[in-house]
1. Based on this model, can you work out whether residue 71 counts as surrounded by 15 or more Cβ atoms within 10 Å (Cβ to Cβ) and touching a Ser or Thr at 6+ places or on another chain (Cβ under 8 Å)?
2. Specify the residue that is nearest to residue 108 (Cα to Cα); the eligible residues are those in segment 41-74 that are in contact with a helix residue (DSSP H, G or I) (Cβ under 8 Å, 6 or more places away or on another chain) and basic (Lys, Arg).
3. Take the residues in segment 81-134 that are of a type in the set (Gly, Ala, Ser) and more than 20 Å from residue 30 (Cα to Cα), then tell me which one is surrounded by the most Cβ atoms within 10 Å (Cβ to Cβ).
4. Condition first: in contact (Cβ under 8 Å) with a residue 12 or more places away in the chain and either more than 24 Å from residue 118 (Cβ to Cβ) or not in a helix (DSSP H, G or I) (or both). Now tell me which residues in segment 1-16 satisfy that.
5. For residue 25, work out the one condition from (1) among the polar types (S, T, N, Q); (2) surrounded by fewer than 13 Cβ atoms within 10 Å (Cβ to Cβ); (3) closer than 30 Å to residue 6 by Cα it doesn't fulfil.
6. Given (1) under 16 Å from the mean Cα position of the chain (by Cα); (2) exposed (fewer than 11 other Cβ atoms within 10 Å of the Cβ); (3) not basic (Lys, Arg), identify the lone condition not met by residue 55.
7. Taking segment 30-46 on its own, how many of its residues are over 21 Å from residue 117 (Cα atoms), surrounded by 12 or more Cβ atoms within 10 Å (Cβ to Cβ) and free of Cβ contacts under 8 Å to residues at least 40 places away in the same chain?
8. Just give me the residues in segment 73-119 being of a type in the set (S, T, N, Q) and either at positive phi or assigned to a helix (DSSP H, G or I) (or both), in sequence order.
Amino acid sequence: MRGATLKEVLKNRIFWHIFIMLMFSMSFSYFIKPSLKSYGSHKEYDDMFLTITGSIAFLVSAIAKFAWGAIQDKLGFKKCYFIMLCVQLGITFSFEYLPPSKPLFMIWVVMTFICEGAHFVFFPALASSIYGPS
């Protein structure tokens, strides 16, 4: 697909496969990020704790992107994406059932942000390998 026009890329199944993978695998973190405080308030966590949790999650996510890049260089896209998806699925399905514990809530939120950040490492590298210069 190297050197393809935008029209050719949009007609290609690989593009739509990657687009759907990205859209569905990022949806949980896109729901959690803007609603972190309202969800945490619903769980009766105080505003200061939720602010600190969000700040730590953003910071750790930014740092983790470098680690994801190094891991992807060693393992490749498929293995890294599989690991990230397994972690993200575990977090997603267990989030509602966490016991009322501030440290656990913070860990789950941080892990959600780490998984969300991995997408911004994995998919540009994948797109470059498929559509990059010939």
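The values are calculated or read from the model by the stated rules, or taken from the named source; none is laboratory data. As the structure is a prediction and not an experimental result, all values here were calculated from the model. Because the Cβ atoms are built from the backbone with ideal geometry, glycine has one as well, and the counts that use them run over all protein chains shown.
1. no
2. It comes out as 43.
3. Among those residues, the one meeting the criterion is 125.
4. Within segment 1-16, 1, 2, 3, 4 qualify.
5. Among (1) among the polar types (S, T, N, Q); (2) surrounded by fewer than 13 Cβ atoms within 10 Å (Cβ to Cβ); (3) closer than 30 Å to residue 6 by Cα, the lone unmet condition for residue 25 is (2).
6. Of (1) under 16 Å from the mean Cα position of the chain (by Cα); (2) exposed (fewer than 11 other Cβ atoms within 10 Å of the Cβ); (3) not basic (Lys, Arg), only one is false for residue 55: (1).
7. The total comes to 1.
8. Answer for segment 73-119, where residues must be of a type in the set (S, T, N, Q) and either at positive phi or assigned to a helix (DSSP H, G or I) (or both): 88, 92, 94, 112.
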